[in-house]
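The values are calculated or read from the model by the stated rules, or taken from the named source; none is laboratory data. Here the structure is a predicted model, which is why all the values come from computation and not from measurement. Please note: Cβ atoms are built from the backbone with ideal geometry, for glycine as well, and neighbour counts cover all protein chains shown. SASA here: full protein model, heavy atoms, side chains in, ligands and nucleic acids out. Shrake-Rupley method; radii C 1.70, N 1.55, O 1.52, S 1.80 Å.
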2 protein chains.
Amino acid sequence: MSLRYALIALLTGRPMTGYDISKSFSRSVSHVWHAPDSQIYPELNRMERDGLLISVEVPWGKKGTKKEYHVTDTGLADFRAWMESPLVPQRQRDPAYLKAAYFDFADPKAVREQLRQQRTYWEEQLRMLEGTRATLVDRSHPTLAARLAKLDEREAELAVRFKVYAYDGLIAHARTELAWIADGFALLDELYDS
Amino acid sequence: MSLRYALIALLTGRPMTGYDISKSFSRSVSHVWHAPDSQIYPELNRMERDGLLISVEVPWGKKGTKKEYHVTDTGLADFRAWMESPLVPQRQRDPAYLKAAYFDFADPKAVREQLRQQRTYWEEQLRMLEGTRATLVDRSHPTLAARLAKLDEREAELAVRFKVYAYDGLIAHARTELAWIADGFALLDELYDS
DNA sequence: GTCAATTAACTATGTCCATAGTTAGATTGT
DNA sequence: ACAATCTAACTATGGACATAGTTAATTGAC
């Protein structure tokens, strides 16, 4: 159900086509919530059916048209209701921890290689998160900027601070993963090399 | 596909019935990997069909029987292959971060209440993780103890250290969440109260 | 002028996962 | 004696999600 609210959240910034949304998801939104096209398009249709969004046909080139989705009052009310509803804690389901608990079943070289890949992945994540965080702070992030244009300074301040707060959480998470990976290398050195 | 390997991992400790496994999952295993009955039983059947496990009918009481699942050599080889295969990074899909990014849409009181609930949840998680970690270190954890009985001291040391390592990662994760939640309270104080 | 890349909007299939049951024998407490 | 609880092994249904396509118009590069 969270995809629905991720979509409303994104569309509060500015109206978008399914394609725009898909691109946003594969760029910055996926840091907070990942979804592929095959989930986005059907969900947009269901949301329009449920009255949370309305689509407006907009011409595109000479013959083409595209559908721009706008959040309705119902959609916004639904979003606020969800925002104030209790959070369902996520179940643990990260294969990295499962594997780590059984590293003794694998060859140390293969383990080291996996840790290197994990480190590369999280370093890249961290770099991207810090990059996006900076565009939030200086208000140059495109979707955020569109939303801020509709708000007064006090509201804009709140919107920016909470987005930065969310990114700070993601950044802390990435740093924690990297520290854990570094501990993993140290543990391998201790157990297999010396 | 990771459920399959979580099941083999668990069964390397000792043979178990589906019911034993289900109980283990709702106790300690769910820290590393969560799964309900409705996933466990069908997956055990598929794994037996695929030759990764064999089930042995064991009498239970006067008339009843139960099926005890054992890991086959094929199953163990499959597990080792998975352990050495590259890890697929998990996509971000935690509603907590999505919500945090849009806290300005919710009433500050409702936000505070959610942060309190999150804090309670993660404090409880942390308490349980630290409790289980202690039973790993002193080797009193039942499933681990069963597995250690089959290993020599060197192998046992490795098995224990990697399990503790995995739990240390989970504990660090829980602490990071708690620190982020504390930052959330501080941010609310700054933005709404003073 | 044409060819590749991009924009747009999907669909199809299968697995994963959550919620909520069911059926039946065994054990324990009173 | 019998009720409550536990052990055991499921099933049914629907939604979430991944992977991998399809079709067609538009725009930009050479």
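State yes or no: is B:L98 more than 16 Å from DNA strand C (Cβ to nearest atom) and more than 8 Å from chain A (Cβ to nearest Cβ)? No: the conditions fail for B:L98. Looking at the structure I just gave you, is B:Y41 away from every other protein chain (no Cβ under 14 Å), open to solvent by 60 Å² or more (accessible area, probe 1.4 Å) and under 23 Å from the mean Cα position of the chain (by Cα)? When the stated conditions are applied, B:Y41 passes them. Would you confirm, using the coordinates I've provided, whether A:L126 is in a helix (DSSP H, G or I), in contact with a helix residue (DSSP H, G or I) (Cβ under 7 Å, 6 or more places away or on another chain), within 11 Å of another protein chain (Cβ to nearest Cβ) and not basic (K, R)? Judged against the criteria, A:L126 is not a match.
Determine whether the stretch B:3-23 contains at least one residue that is of a type in the set (D, E), away from DNA strand C (no atom under 11 Å from the Cβ), over 21 Å from the mean Cα position of the chain (by Cα) and open to solvent by 10 Å² or more (accessible area, probe 1.4 Å). Among the residues of the stretch B:3-23, not one is of a type in the set (D, E), away from DNA strand C (no atom under 11 Å from the Cβ), over 21 Å from the mean Cα position of the chain (by Cα) and open to solvent by 10 Å² or more (accessible area, probe 1.4 Å), which makes the answer no. When residues in the stretch B:90-116 are screened for being open to solvent by less than 40 Å² (accessible area, probe 1.4 Å), of a type outside the set (D, E) and part of a helix (DSSP H, G or I), 14 of them pass. Of the residues making up the stretch A:13-44, just one is more than 15 Å from A:K66 (Cβ to Cβ), touching a residue at least 24 places away in the same chain (Cβ under 8 Å) and touching a His at 6+ places or on another chain (Cβ under 8 Å), namely A:S28.
With respect to the numbered conditions (1) more than 30 Å from B:L76 (Cβ to Cβ); (2) of a type outside the set (S, T, N, Q); (3) within 11 Å of chain B (Cβ to nearest Cβ), which one is the sole condition not fulfilled by A:F105? So the condition that A:F105 fails would be (1). Considering (1) within 11 Å of DNA strand C (Cβ to nearest atom); (2) buried (at least 19 other Cβ atoms within 10 Å of the Cβ), the lone condition that A:M47 does not fulfil carries the number (1). Would you say B:L87 is open to solvent by less than 40 Å² (accessible area, probe 1.4 Å) and part of a loop (DSSP other than H, G, I, E, B)? When the stated conditions are applied, B:L87 passes them. Whether any residue in the stretch B:104-114 is of a type in the set (V, I, T) and under 28 Å from B:L11 (Cα atoms) is what I want to check. The answer is no, given that none of the residues of the stretch B:104-114 is of a type in the set (V, I, T) and under 28 Å from B:L11 (Cα atoms). Name the residue, out of A:R175, A:R133, A:R119, that is modelled with pLDDT of 95 or more, more than 21 Å from B:V32 (Cα to Cα) and open to solvent by 70 Å² or more (accessible area, probe 1.4 Å). The conditions single out A:R133. Determine whether the stretch A:148-162 contains at least one residue that is touching a His at 6+ places or on another chain (Cβ under 6 Å) and surrounded by fewer than 18 Cβ atoms within 10 Å (Cβ to Cβ). No: the stretch A:148-162 contains no residue that is touching a His at 6+ places or on another chain (Cβ under 6 Å) and surrounded by fewer than 18 Cβ atoms within 10 Å (Cβ to Cβ).
Scanning the stretch A:139-188 for residues that are touching a helix residue (DSSP H, G or I) at 6+ places or on another chain (Cβ under 8 Å), not basic (K, R) and not in a helix (DSSP H, G or I), we see that the one that is farthest from the other protein chains (Cβ to nearest Cβ) is A:H141. In the set (1) touching a residue at least 12 places away in the same chain (Cβ under 8 Å); (2) facing chain A (nearest Cβ under 7 Å); (3) away from DNA strand C (no atom under 16 Å from the Cβ), the condition left unmet by B:L115 is number (2). Only a single criterion out of (1) within 16 Å of DNA strand D (Cβ to nearest atom); (2) modelled with pLDDT of 95 or more; (3) within 11 Å of chain B (Cβ to nearest Cβ); (4) open to solvent by 80 Å² or more (accessible area, probe 1.4 Å) is not satisfied by A:F79, namely (4).
Taking the criterion of being open to solvent by 60 Å² or more (accessible area, probe 1.4 Å) and within 14 Å of DNA strand D (Cβ to nearest atom), the residues of the stretch A:54-66 that qualify are A:E57, A:P59, A:W60, A:G61, A:K62, A:K63, A:T65, A:K66.
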